[in-house]
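Before any comments, here is the structure.
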Amino acid sequence: MASSNPDHFWGYRRSDGRVGIRNHVLILPTITCATQAAKRITDLVRGTVTFIHQHGCAQLGADYEQTFRTYVGMGANPNVYGVVVLGLGCETHQARSVAEEIAKIGKPVEVVSIQDHGGTLMAIAQGAKIAAQMVQDASAQLREPCPMSELIVGTECGGSDACSGLSANPAVGYVSDRIVDLGGTAIIAETTELIGAEHLLAERAVNDQVAKRVYEVINAMENRAIKMGVDIRKGNPSPGNIKGGLSTLEEKSLGAASKAGSRPLQELVNYAETPTRKGLVWMDTPGQDIEQLTGMVAGGAQIVLFTSGRGTPTGSPIAPVIKISTNTRLYETMRDNVDLNAGTIIEGLESIEQVGERIMQEIYQVASGKMTKAEILGQDDFGIWRIGSTF
């Protein structure tokens, strides 16, 4: 089904003009108390997705706003056809408020409350009834040719090794440049894993304001660690990173930064915010894989490229995640999880550009309907970056 034209893929055009590459009906629980009921609805209605989380109540200020923004962003993502917002009724993050914000873009949205509908069983029944009709409506929408400029591609690395900065990450950087040159958007995230390489991105900022913002978010991330009594520059590489051959945060960051390619940095957005400009964009996220993945998807990324030297099953409930191994041994031992192998660069069998073109072809195919390994295995990870304590 993939388009033979490298400038186009087959996607779903939404009412707000954006394009989805999946056609999900999302059961969106706004409070942890509603997540199990949401899961039961997805068990009943094929074509629906949801996620388990621990958020939605006893959050204040900026922490409340960030969780709210993430909920809305997940529902508004163009990979989602329609949303059933499922709440308890008494929580801080009210289901109706989330639904009203999502509805502003013209997407089908309905609200179900466990308390208002007489308990869990009645809420599940009502939610399943609404979801079933939405799925049928969604199934009537056909894919159509869409330009690559409609894509927002998230980039991520997790379980890095000594090969990451030599193979898969530079290949993703090549792809980032290709996406930008085609008029699309590439997101670089993982602020924690850009510490020590921030000057390289600041030098590419389109103006002084963006360059200044680069240093602000880096300093803020370091200060969070300092408040916990930790110098993050001395302690960031995980046991897996160290075993894979990385010794310092700077070494890790230089490899991670290569995913950003070479194009100008257009803007720096907050966690789960939608980019306002095309091109290369930095989203301020933590290095924690699930939280950064969730932030990029909530910010509108329809597809994510995830490189790894150690291996990870990570996926998203609504966006396909393409796994790329940095070495051939990982690809051979975790074929159930890994989609593409960039270890051929290390072996001298392919160039960075050749692997980059293979990744581009995979993007065309996945954007047009091909399922990734994470999707096939039902890997629907979700986690929100918390700012403050629970009250």
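The values are calculated or read from the model by the stated rules, or taken from the named source; none is laboratory data. No experiment lies behind these values; they were computed from the predicted model shown. Quick reminder, even Gly has a Cβ in these numbers, built from the backbone with ideal geometry, and neighbours come from all protein chains shown. Ligands, DNA and RNA are stripped out before the accessible areas are found, and what is left, the full protein with its side chains, is counted by its heavy atoms. Shrake-Rupley method; radii C 1.70, N 1.55, O 1.52, S 1.80 Å.
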For the chain, what is the accessible area per residue in Å² when the probe is 1.4 Å?
40 Å²
Cα gyration tensor shape for segment 244-382, rounded if a/c is under 1.5, else prolate or oblate
rounded
Could you pull the accessible area for Asp380 with a 1.4 Å probe, rounded to 10 Å²?
70 Å²
Which trypsin sites (Lys or Arg not before Pro) in segment 42-129 sit in a loop by DSSP (not H, G, I, E or B) and have at most 14 other Cβ atoms within 10 Å of their own Cβ?
Arg46, Lys104
Listed pairs Lys107/Lys212; Lys212/Lys278; Lys104/Lys373 exceeding 26 Å between Cα atoms
Lys107/Lys212; Lys104/Lys373
Quantify, in whole percent, the carbon and sulfur part of the accessible surface of segment 95-142 (1.4 Å probe; protein heavy atoms only).
53 percent
Give me the Debye-computed log₁₀ of I(q)/I(0) at q = 0.10 Å⁻¹ for the chain, equal point scatterers on Cα only, no solvent, two decimals.
-0.62
Can you run the Rg to Rh ratio on segment 148-376? Use alpha carbon positions and the Kirkwood inverse-distance Rh.
0.94
What FRET efficiency comes out for Glu203 versus Gln54 if R0 is 25 angstrom and r is the Cβ-Cβ distance? Round to the nearest 0.05.
0.05
What's the local net charge at Ile41, with K and R +1, D and E -1, over the other residues with C-beta under 13 Å away?
+2
Run the accessible area of segment 148-376 with a 1.4 Å probe and give the carbon-and-sulfur part as a rounded percent.
51 percent
Can you order the peptides 50-57, 347-354 by their average number of other Cβ atoms within 10 Å per residue, highest first?
50-57, 347-354
Considering the Cα trace of segment 24-139, what is its radius of gyration and what is Dmax, both in angstroms?
12.8, 39
Under 11 Å from the Cβ of Gly87, count the other residues' Cβ atoms, weight Lys and Arg +1, Asp and Glu -1, and hand me the total.
-1
Among the GluC sites (Glu not before Pro) in segment 158-221, which ones are in a DSSP loop with at most 12 other Cβ atoms within 10 Å of the Cβ? Mind listing them?
Glu203
Let me have the 222 nm mean residue ellipticity of the chain computed from DSSP H runs of 4+ only, each contributing -39500 (n - 2.57), with the sum over all residues rounded to the nearest 500.
-11500 deg cm²/dmol
